[in-house]
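Down below is the structure, laid out as C-alpha cells.
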Amino acid sequence: MKNDICLVGLSHHTAGVDVRERFALADHCDAGRWALPCDGPIQESLILSTCNRVELLAAGKGDLTEHMLHCWARTRETKASDIRPYVYIHKSLEAVRHIFSVASSLDSMVLGEPQILGQIKTAYRKAAACGTTGVILNRLLHKSFSVAKRVRTETAVASNAVSISYAAVELAKRIFGDMRSYKVLLVGAGEMAELAAMHLLQSGIDEILVANRTHARGEELARQFRGRAVPFEQLADFLPSVDIIITSTGSPDPIIRAKDIKTVLKTRKNNPMFFIDIAVPRDIDPDVNSLDNVYLYDIDDLKEVVEENIATRRDEAARAHEIVNEEVRAFAGWLATLDVQPTLVELVHRGERLAREEVDKTLKRLGSGDERLREALEVMAGALVRKLHHAPIVFLKHGCTHQENNGARVSAIRRIFNLDSDT
Amino acid sequence: MVSPEFSTMLSLILLGAASLSGLAGITGHRIFLRRLGICLTVLAFATQTLVLLLGFHKALPDGLSLGAYIQMFAWFTLLGGIVVWRKVQQPAPLLFASPLCFMLFAVSLPYLGTAVPLPGMVQNSFYALHIGALFSSIGLLTIAFFAGLLFLFLEGRIKGKQPMPDFWRDMPAISLLDKINAFTVLAAFPLYTLGIISGIAWAKPIFGASSSGDPKEVMSIVIWLIFGTLFHNRLIKNWKGRKPAQWTVLVFLLCLFSIIVVNTIMNTHHAFIRG
C-alpha cells in the first residue's frame, strides 16, 4: 500500500468564529494529550490550530480521513458528524498544494499576512517535539517554509501595507529611508494615530514627542512610547525639530497651516517633513502638500493607498499560485521516489553482497591473505557494481521525475534482478 | 601590453553581466543578484583600471583613440558610482551606471583605432589635468543625474499620491537620493571649475587667446554658470529635493549637448574628433 498525505481542516472560509472556537485544538498540542496519535493508518501527524483555521495533517497508509476525523472529534468530546459539515479534505498532492498555499499566506483572511508562517513553524516544532513527524512531514513542512520564502521574495503578495497605520509607516520609509535619526510628533490621541506611532517606534525612530490638549493624557502616551510630552500650546515651537507629524485631534479647524510651515521649513533648512493627518475634520491645511519638501497624507489618501495595495496583492496572488504549483510538481517527484526507495535499497544491497561474495571466492582461490590485494579487489568489484547499477537506477528515478507509472518500472527491475526470490 | 580590443571585450562581458544581474535583482527583488551586480561592476572597474595602468592608452602612436576617451568617461562614471556607493551605502546609482557604461564601452568599440589628433602643445600633463578634472566632474554628474531622475519620479508619485509600481519597491528613499545629489553636486562643481580654469590658462599659449568666443568655450561657461548657481543654492540657500534635482538634470543634459553636438557638429577648435 502506498504512503499518502491527508489534510482535514476548517478555516474562516468554511466556518464562523463560533465553530472555529468549538473545534479548536490549540490547547491540546502537548505531548501528553496529542490529538492525532500515530496509530492505525496514521504514521505521522501535525496539528495547526490558529484563530482562523484548525487543520490536521497526516501521512500514512490506509483510510486516513475517517481516522483523523474521529481523533479530532474524540479530543473535542463530540461526534465526527458534528465536525464534518464544516471541514474540507485534501488528499495527496492537493494536501501538499494546500499546505504550501497556507504557508505562503495565500489562504489567509488578509492575503500575504506574515503571522501564519510563524504559526506553522510553531505547530511543526510542537509536532516534532511530540515525535509525530517523520520523513514525509519533515520534508513537506521544510519545503512549505522555503515555498513561502520564495513567494514572498519573488512576488509582491506581502510587500505593501494593508492597514492604514502601516501604510503611513511605509510612506515614511519611502521618504526618509533609515528611520533611526528621525523624530515623530504625535498631536492628539486616536487609535489609528497611536498605532502608526507604535509602528514607527518599531521601525527604529529616534524619538516620539506627544502633544495633547490634556497634558496628563499626553504624558501617559509619551510613557507608552518611551517618548516625551510637550505642551499643546507650544506646538509651533517643536515643529522645526520633528520630521514626521501625526495628527489626530478633535479640532473643528485646521491646527497647522501652510504659512506656518513655510517658516518652519526655513528654520529646518528645507529638510523634508511628512504629515499624516488621521483626523476628521482634518487638522492640517491641504495646501501644506503644495510646499516643496513637504508631504501630506490624510485619512482618505491612506485609505486609497491601502485599497491599491490590496488590489496589488490580489494580482500578485496569481503569480504566487504559479510558484506553488511548480513546487507541488517538484514535491510530487520526491514523493514518487518513496515508492521506488525500497527497490533501490534492495538493488544496491544485493549488488554489494554479490561483490563481497565474489571477492572472497577469488581470494580463497588465489590462497592469498594480502590486505592490499583484498582492498584492490573490493574497490574494483564495488566500482563494477555501481556502474552496472547506474542504468537501472536512472530508469527507476526517471519514472519519479516524470511522474509516470512507477509500478511497472519497479516490477520490471525486480524481475530482471531477481530481487524477490534471490536470497 | 593588453590589446584594446581584448580589454574592451572583457569590460563589455563584465559590465553586461553586471547590468543584467543588477537590473534582475532590482526588478525581481533579489538581494543576491543585486550584490552580484555590484561585485561585477567593481570587478569591471578594477579590470579597466589595471588595463589603464598597463598602458592600454599608449596603443596608438599619436595619442589616445576616440574609443579610449569614451572608455575613460565610462571609467570616471564607474569611479563616481563607487565613491557614492561607499559614501552613502546605497548601490542603486552604481547599478544604474553599469548599463550606461556598458553602452559607452559598446559605442567605443568601433573607435579603438580612431586617433584623436591634438595640437602638439596640448599633449602635456596640464592637458591631463584639464581632461581628468572635467571627466571626473561629469562622471559624478552622471551619478547625480540618475539620482535626480529617480528622485523626480519617486517624489512625484509620493507627492501626487499615486501608487508605486512593484518595480520601484526596492528603490532608495527620496531623502537618500537627495543626499546623493548633494554629495555629487558639491564634489563635481569644484572639479568642473578646475577643468575650466586649466582650460582657460592653457588656451592662450595653445590657441593664442584665453577666450576666443569658441562655441565650446561659450557652452562650457554657460554650463559653469548654471552649475555654479546650483552649487551656490545647494550650499548657501539650503536647496533640497525637487529643485536641485531638476537643475542637476538640466546641467547634465547641457553637458551631453556640449559633448555630442558642440564637439562634433559646430565649428570649434575642440573638434578633435573630426581631426
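In terms of packing, defined here as the mean over residues of other Cβ atoms within 10 angstrom, the peptides B:66-74, A:261-269 line up highest first as B:66-74, A:261-269.
D by Stokes-Einstein for segment A:164-306, Kirkwood Rh over Cα pairs, 4 °C, 1.567 mPa s: 88 µm²/s. Applying 1/(1 + (r/R0)^6) with r as the Cβ-Cβ distance of A:GLU154 and B:ILE260 and R0 = 35 angstrom yields a FRET efficiency of 0.30. Sorted ascending by nearby beta carbons within 10 Å, beginning with the fewest, A:ASP339, A:ASP283 become A:ASP339, A:ASP283. Peptide B:154-165 has a mean shielding of 5, counted as Cβ atoms of other protein chains within 10 Å of each residue's Cβ.
Taking the square roots of five times each eigenvalue of the Cα gyration tensor of segment A:278-423, the equivalent ellipsoid has semi-axes of 71, 21, 10 Å, listed largest first.
What shape does chain B have by the C-alpha gyration tensor, where a ≥ b ≥ c are the square roots of the eigenvalues, rounded means a/c under 1.5, and otherwise prolate means a/b greater than b/c and oblate the rest? Oblate shape, in that a/c is at least 1.5 and b/c is the bigger or equal ratio. Ranking A:ILE83, A:VAL135, A:LEU46 by Cα position along the charge dipole of chain A, where only Lys, Arg, Asp and Glu carry charges on their C-beta atoms, puts A:VAL135 farthest toward the positive end.
Comparing B:GLY160, B:GLY81, B:GLY241 in a Gaussian network model of chain B where C-alpha atoms under 10 Å apart are linked, the largest mean-square fluctuation is found at B:GLY160. Extending 7 Å from Cα along the Cβ direction at A:ARG319 and again at A:ASP370 yields two label points whose distance is 6.7 nm. Membrane-span-like helices of chain A, defined as complete DSSP H segments with a Cα extent of 20 Å or more along the helix axis and a mean Kyte hydropathy of at least 0.0, are identified as A:115-130, A:371-401.
Ordering A:GLY9, B:LEU129, A:ALA73 by Cα displacement along the dipole of the protein assembly as shown toward the positive end leaves B:LEU129 in first place; charges were set at the Cβ atoms of Lys, Arg (+1) and Asp, Glu (-1). For segment B:77-223, go through all pairs of different Cα atoms, get the mean of 1/r, take its inverse, and jot down that Kirkwood value in Å. Result for segment B:77-223 stands at 17.5 Å.
Projecting the alpha carbon convex hull of chain A along each direction and taking the average yields 31.4 nm². What the Cβ-Cβ distance of A:VAL17 and A:ARG217 gives, at R0 = 25 Å and to the nearest 0.05, is a FRET efficiency of 0.15.
Inverting the pair-averaged 1/r between distinct Cα atoms of segment A:133-241 gives 16.3 Å as its Kirkwood hydrodynamic radius.
Given segment A:166-207, report the % of alpha carbon pairs whose separation exceeds 17 Å. In whole percent, the share of Cα-Cα pairs in segment A:166-207 beyond 17 Å is 20.
Distance between the C-alpha centers of segment A:174-214 and segment A:306-366? Whole Å please. Their Cα centres are 51 Å away from one another. Between rounded, prolate and oblate, where does segment A:4-154 land on the alpha carbon gyration tensor, with a ≥ b ≥ c its root eigenvalues, rounded for a/c under 1.5, else prolate if a/b exceeds b/c? Oblate, since a/c reaches 1.5 and b/c is not below a/b. When a/c reaches 1.5 or more, the comparison of a/b and b/c decides; with that in mind, is segment A:224-264 rounded, prolate or oblate per its Cα gyration tensor? Verdict is oblate for segment A:224-264. Restricting the calculation to Cα atoms, segment B:1-113 yields a radius of gyration followed by a Dmax of 14.0, 48 Å.
Of B:LEU250, B:LEU140, the sequence from fewest to most neighbouring Cβ atoms within 10 angstrom is B:LEU250, B:LEU140. Magnitude of the Cβ-charge dipole of chain A, K/R +1 and D/E -1, about the Cα centre, nearest 20 debye? Dipole about the Cα centre, nearest 20: 1500 debye.
Legend: mean number of C-beta atoms from other chains within 10 angstrom of residue C-beta atoms, peptide B:175-184, equals 2.
With neighbour counts taken as other beta-carbon atoms within 10 Å, the residues B:THR248, A:THR50 rank, fewest first, as A:THR50, B:THR248.
Where a number appears in this text, it was derived from the coordinates with a stated rule and is not lab data. Small disclaimer: the values here were computed from a predicted structure and weren't measured. All Cβ positions, even for glycine, are placed from backbone atoms using ideal geometry, and neighbour counts span all protein chains on display.
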